[in-house]
Amino acid sequence: MGIIQFKEANCKNCYKCIRSCPVKAIAFKNEQAQIIEEECILCGQCLLVCPQNAKSVRSDVEKVKKYIEKKEKVYVSLAPSFVSAFQVSDSRKIFSALKRLGFTHVEETAIGAAQVSKEYEKLIREEKMKNIITTACPTTVALIEKYYPELIDQMAPVVSPMIAHAKMMREVYGSRIKIVFIGPCISKKEECNDLQNDGIVNAIITFEELEKWMESEGVDFSVDEGEEPKG
């Protein structure tokens with residue numbers, strides 16, 4: 001099942017998604033727009049331009065809820081952009097909200113980003129690569145792999161901050177924990193399922209999905225439990 005899904009009844013033949021797709025990864029068959037999975041880079045542009053709400057993103061929220069219901073230890077790697085996404089300057093408030101949803105522990109993905117930066121610095125000092133392309137964005141990686149394969153050998157052989165942080169959390173808290181990355185990007189859902197990263201991150205929740213979950217549970221940022229996430 002693809003990350004971006006179409007609601008067939010809502011697709012009204014407007015062609016906006018087809019015209020806006022930067023890599024032309026949407027086809028029109030049987031009077032319905034269809035994602036061409038092997039060509040899609042999960043930039044999300046089609047979601048933004050669709051006027052009929054005909055597309056949806058595969059959600060891991062129910063999977064995460066089941067982890068919590070089963071009393072699993074569910075740890076969060078939280079993208080630092082939560083500050084702008086939720087207009088919450090005090091990280092303790094979002095930590096408190098996540099705890100009330102049932103998460104065990106929260107850390108900021110910035111911990112992994114710090115380690116990734118060190119690896120980039122090491123590559124620069126070694127001077128073994130003529131050019132180094134660095135990115136934490138799975139969409140950019142997919143763009144290069146699918147459309148500019150001649151640049152693959154120039155990509156830094158370093159995992160993203162999400163993957164680095166998840167590996168660090170497993171080393172510290174144990175391999176049996178469940179790790180959920182919460183951030184703004186839908187393409188992280190694909191990175192999570194990549195064969196090279198399989199099993200490192202168990203689920204991805206976007207900020208939009210988190211906001212809807214919080215609303216359904218009556219959880220907000222008004223309570224401060226006094227504990228601050230690492231990062």
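Between segment 47-114 and segment 166-222, what is the separation of their alpha carbon centroids in Å?
6
How would Met162, Met155 rank on accessible area, largest to smallest, probe 1.4 Å?
Numbers: Met162 5, Met155 35 Å².
Result, largest first: Met155, Met162.
Any cysteines in the chain with zero other Cys Cβ atoms under 4.7 Å from their Cβ? List them, or say none.
Cys11, Cys14, Cys21, Cys40, Cys43, Cys50, Cys137, Cys185, Cys192
Can you compute the charge dipole magnitude of segment 52-210 about its Cα centre, using +1 on each Lys and Arg Cβ and -1 on each Asp and Glu Cβ, nothing else charged? Give it in debye, rounded to the nearest 20.
Dipole size: approximately 700 debye.
Around Asp153, what is the net charge, scoring Lys/Arg as +1 and Asp/Glu as -1 over all other residues with Cβ under 14 Å from its Cβ?
Neighbourhood net charge equals 0.
Would you mind telling me the share, in percent, of accessible area of the chain contributed by carbon and sulfur at probe 1.4 angstrom?
48
As I understand it, the dipole of the chain uses +1 on the Cβ of Lys and Arg and -1 on the Cβ of Asp and Glu, about the Cα centre. Which of Ala166, Val180, Ser91 lies farthest toward its positive end?
Going by the charge dipole, the pick is Val180.
What do you get for GluC sites (Glu not before Pro) in segment 69-137 restricted to DSSP loop and a cutoff of at most 10 other Cβ within 10 Å of the site's Cβ?
Filter output for segment 69-137: Glu127.
Could you please put Thr134, Thr140 in sequence from largest to smallest accessible area, using a 1.4 Å probe?
The most accessible residue leads, giving Thr134, Thr140.
For the chain, what does the accessible surface come to per residue with a 1.4 Å probe? Please give it in Å². Please report the intermediate quantities before stating the final value.
Details: 12860 Å² over 231 residues.
Per residue, the chain has 56 Å² of solvent-accessible surface.
Enumerate lysine pairs in segment 85-231 that are 8 or more residues apart or on different chains, then count those whose Cα atoms are under 18 Å apart.
18
Looking at Ile111, Ser77, Leu101, which one has the Cα that reaches farthest to the positive end of the dipole of segment 4-145 (charges on Cβ: Lys, Arg +1; Asp, Glu -1)?
Leu101
The values are calculated or read from the model by the stated rules, or taken from the named source; none is laboratory data. These numbers come from a predicted model, not from an experiment. Cβ atoms come from the backbone with ideal geometry, glycine included; neighbour counts cover every protein chain shown. Only protein heavy atoms, including side chains, enter the accessible area calculation; ligands, DNA and RNA are left aside. Shrake-Rupley method; radii C 1.70, N 1.55, O 1.52, S 1.80 Å.
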